[in-house]
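Chemist: Right, I'll just put the structure down here and ask away after.
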Amino acid sequence: MTRVVITGMGVVSSIGNDINSYWTSLKAGKSGITTPTSFDCSDIASKVASEIKDFNPEDFMDPKEARRNDRYAQLALAATHGALKDANLTREQLVPKRTGVLVGSGIGGMDTIEKQMTTLIERGPRRVSPFMIPSLIANIAGGIIAIDLGAKGPNFSVVSACASGSHAIGEAFEMIRRGAADVIFAGGSEAAVTRIGFAGFSSMKAMSTKFNDDPSRASRPFDKNRDGFVMGEGSGVLVLETLENAQKRGARIYAELIGYAATCDAFHVTTPDTSSESLTECMNLALDQAKLERNSVNYVNAHGTSTPYNDRSETTALKNVYSDYAKNGLMVSSTKSMTGHLLGAAGAIEAAACCKAIEEGVIPPTINYEEPDPDCDLDYVPNEARDATVNVAMSNNSGFGGHNASLIFRNFN
């Protein structure tokens, strides 16, 4: 089948609003987690978030359009502009009918829902915005990206909670392989750092509360003292192209995408299966598609949410897949320790981290790793980035509902 390569990447996050600043921050172990400033969280248990502080949507869209679109869509368009520039592509080079957009979101327009519900309650139904519905739906980011690019090929949104970004990239990979498009802008976007978003996740007792007074220490995947995830916002978009198309235009190739799989725990709406059977199967299927020996994978960017259940079950799955190599050679890290958990955008920005790790030969660290957990006993690249040859990298993501996704990238050179 057609070979698929990554030629451009755009990221908007609390630690950088372009791929290079994002990657520089990851290598430096910089945390973007602070006390929320966009809403009052004084009566909410968790008081830590990974917020983007310096984003102006009018840098990417007309002021009127910016007002009409939810923040999650604004972030998605900004990341797309970054990916287009990074790929050294122009809109004129894109063939409309052969260009697609697959951008996922776990939640969609949460800020719009909150604001319009407040308007409904306080001012009545006639004052609810006519733009409410198109602004909040989880597919609208892909729609406005397509309008901006003139992309008339495949376009839909993947909604699989925190696996959305990875699933979007994986499905784009499969569509290009079967000849449905030559170029697809794929990834995820999320902007659920809102009062209602915080209230909902806090009520589930899923978010960190132990480090409210020291936010940068709150996200601590695989550490014994982890107590929940830290919500983040942002977007990641990757340019996926056929190898033929990329080579024809002399594109820089970050990596080749060679494996993808998706499974479901079918176990519980929020808690991962403690046996890790389905995540194990997901990784194995991706590796089999890529035709790789297990010890050829150098680095795994783990889902690593900093929740007690997830980190333990993911460690079990890695041991199931990689056997002795899991503890003797495989390098694992969770960049959520720095970015927080971007929900539907997590897989996209983490796929970008894998591609940069391959390009530069650097493993981003798991920061805040201070006290080992006996149940989490792998090499999590603690606290400092590590120089290492990375020929193959895997990215894992899982989401509420039991959704799992694994992506495998290989050095093209």
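Bear in mind that the values in this text are calculations on the coordinates, not laboratory data. Please read these numbers as outputs of a predicted model, since none were measured by experiment. Quick reminder, even Gly has a Cβ in these numbers, built from the backbone with ideal geometry, and neighbours come from all protein chains shown.
Chemist: Report, in debye and to the nearest 20, how large the dipole of the range 261-402 comes out about its Cα centre when Lys and Arg carry +1 and Asp and Glu carry -1 on their Cβ.
Modeler: With Lys and Arg at +1 and Asp and Glu at -1, about 300 debye.
Chemist: Can you tell me which aspartates and glutamates have their Cα less than 13 Å from the Cα of Lys224? Leave out same-chain residues fewer than eight positions away.
Modeler: Candidates past the 8-residue exclusion: Asp311, Glu370, Glu371, Asp373, Asp375, Asp377.
Chemist: Under 20 Å between alpha carbons, and skipping anything fewer than 8 positions from Lys97 in its own chain: which lysines qualify?
Modeler: Those lysines meeting the cut-off are Lys152, Lys248.
Chemist: DSSP loop (so not H, G, I, E, B), at most 15 other Cβ within 10 Å: list which GluC sites (Glu not before Pro) in the range 315-413 pass both filters.
Modeler: Filter output for the range 315-413: Glu370, Glu384.
Chemist: Could you run the Karplus curve 6.51 cos²θ - 1.76 cosθ + 1.60 with θ = phi - 60° over the range 156-161 and give me ³J(HN,Hα) per residue in whole Hz, x for Gly and Pro?
Modeler: Karplus-based 3J(HN,Hα) across the range 156-161 equals 7, 10, 9, 10, 9, 6 Hz.
Chemist: What is the sum of charges, Lys and Arg at +1 and Asp and Glu at -1, for the other residues whose Cβ falls under 15 Å from the Cβ of Met175?
Modeler: +2
Chemist: So what is the relative contact order for the chain, in percent, with contacts set as C-alpha pairs under 8 Å and at least six apart?
Modeler: 24 percent
Chemist: Can you run phi through the Karplus equation (6.51, -1.76, 1.60; θ = phi - 60°) for the range 115-127 and list ³J(HN,Hα) in whole Hz, with x for Gly and Pro?
Modeler: With the stated coefficients, the range 115-127 comes to 5, 6, 5, 4, 4, 4, 5, 8, 10, x, x, 6, 9 Hz.
Chemist: Now for a different question. Which shape class, rounded, prolate or oblate, goes with the range 50-179 when its Cα gyration tensor gives a ≥ b ≥ c as root eigenvalues, a/c under 1.5 marks rounded, and past that a/b bigger than b/c marks prolate?
Modeler: Note, shape of the range 50-179 comes out prolate.
Chemist: Mind listing the long-range amide H neighbours of Phe222? Cut-off is under 5 Å, sequence gap 5 or more, other chains count too, H placed in the peptide plane at 1.01 Å from N.
Modeler: Ser306
Chemist: Can you list the HN-Hα couplings for the range 189-195, worked out from phi with the Karplus curve (6.51, -1.76, 1.60; θ = phi - 60°), rounded to whole Hz and with x for Gly and Pro?
Modeler: Residue by residue, the range 189-195 yields 8, 8, 8, 9, 7, 9, 4 Hz.
Chemist: Oh, and also: Would you please state which residues of the range 222-266 a label at Lys291 would reach in this model, taking the label point 7 Å out along Cα→Cβ and a backbone N cut-off of under 17 Å?
Modeler: 243, 256-260
Chemist: Still on this structure, I have one more. Mind checking the dipole of the chain: about its Cα centre, +1 per Lys or Arg Cβ, -1 per Asp or Glu Cβ, Debye to the nearest 20?
Modeler: 1000 debye
Chemist: In the Gaussian network model of the chain, springs joining C-alpha atoms below 10 Å, which of Gly150, Gly344, Gly170 carries the largest mean-square fluctuation?
Modeler: Between Gly150, Gly344, Gly170, it is Gly150 that shows the largest mean-square fluctuation.
Chemist: Moving on. For the range 289-342 and the range 349-384, write down the distance between their C-alpha centroids in whole Å.
Modeler: 9 Å
Chemist: Continuing with this model, one more query. Looking at the chain as a GNM with Cα springs under 10 Å, which of Thr209, Thr242, Thr119 has the largest mean-square fluctuation?
Modeler: In this elastic network of the chain, the residue with the biggest mean-square fluctuation among Thr209, Thr242, Thr119 is Thr119.
Chemist: At a Förster distance of 30 Å, what's the computed FRET efficiency of Thr270 paired with Arg126, Cβ-Cβ distance as r, to 0.05?
Modeler: Efficiency for this residue pair is about 0.20.
Chemist: Tell me, Phe185, Phe412 in order of fewest to most beta-carbon neighbours within 10 Å?
Modeler: Phe412, Phe185
Chemist: Can you tell me which of Asn225, Asn139, Asn56 moves the most in a GNM of the chain? Springs connect C-alpha atoms under 10 Å apart.
Modeler: Of the options given, Asn56 has the highest mean-square fluctuation.
Chemist: Post the alpha-carbon centroid distance, the range 205-232 to the range 1-70, in whole angstrom.
Modeler: Result: 19 Å between the Cα centres.
Chemist: List every residue whose amide H lies under 5 Å from the amide H of Thr366, counting only residues 5 or more places away in sequence or on a different chain, with H placed 1.01 Å from N in the peptide plane.
Modeler: Here the answer is Ser334, Asn383, Glu384, since their amide H atoms fall under 5 Å of that of Thr366.
Chemist: Is the shape of the range 261-402 best called rounded, prolate or oblate, per the rule: a/c under 1.5 gives rounded, else a/b larger than b/c gives prolate, else oblate, with a ≥ b ≥ c the square roots of the Cα gyration tensor eigenvalues?
Modeler: Rounded shape, in that the Cα axes give a/c under 1.5.
Chemist: Consider a paramagnetic label point 7 Å from the Cα of Asn225 along Cα→Cβ; state which residues of the range 359-401 have an amide N under 16 Å from it.
Modeler: 367-374, 383
Chemist: Subtract the Cα-Cα distance of Asn328 and Glu92 from 0.36 nm times their separation in residues, and report this length gain in nm to one decimal.
Modeler: 80.1 nm
Chemist: Once you have a ≥ b ≥ c as the square roots of the Cα gyration tensor eigenvalues for the range 4-248, tell me rounded if a/c is under 1.5, and otherwise prolate or oblate according to whether a/b is larger than b/c.
Modeler: Because a/c hits 1.5 or more and a/b fails to exceed b/c, the range 4-248 counts as oblate.
Chemist: Follow-up. On a full-extension model of 0.36 nm per residue, what is the gain between Asp214 and Arg67, subtracting their alpha-carbon distance, rounded to one decimal in nm?
Modeler: So the chain would gain 49.5 nm between Asp214 and Arg67.
Chemist: Which pairs break 30 Å Cα to Cα here: Lys27/Lys64; Lys115/Lys356; Lys85/Lys336; Lys64/Lys336?
Modeler: With Cα atoms farther than 30 Å apart: Lys27/Lys64; Lys115/Lys356; Lys64/Lys336.
Chemist: On a full-extension model of 0.36 nm per residue, what is the gain between Asn56 and Asn413, subtracting their alpha-carbon distance, rounded to one decimal in nm?
Modeler: Net length gain for the segment: 124.8 nm.
Chemist: Hey, if you drop one equal point scatterer on each alpha-carbon of the range 49-121 and run the Debye formula without solvent, what base-10 log of I(q)/I(0) do you get at q = 0.18 Å⁻¹?
Modeler: -0.90
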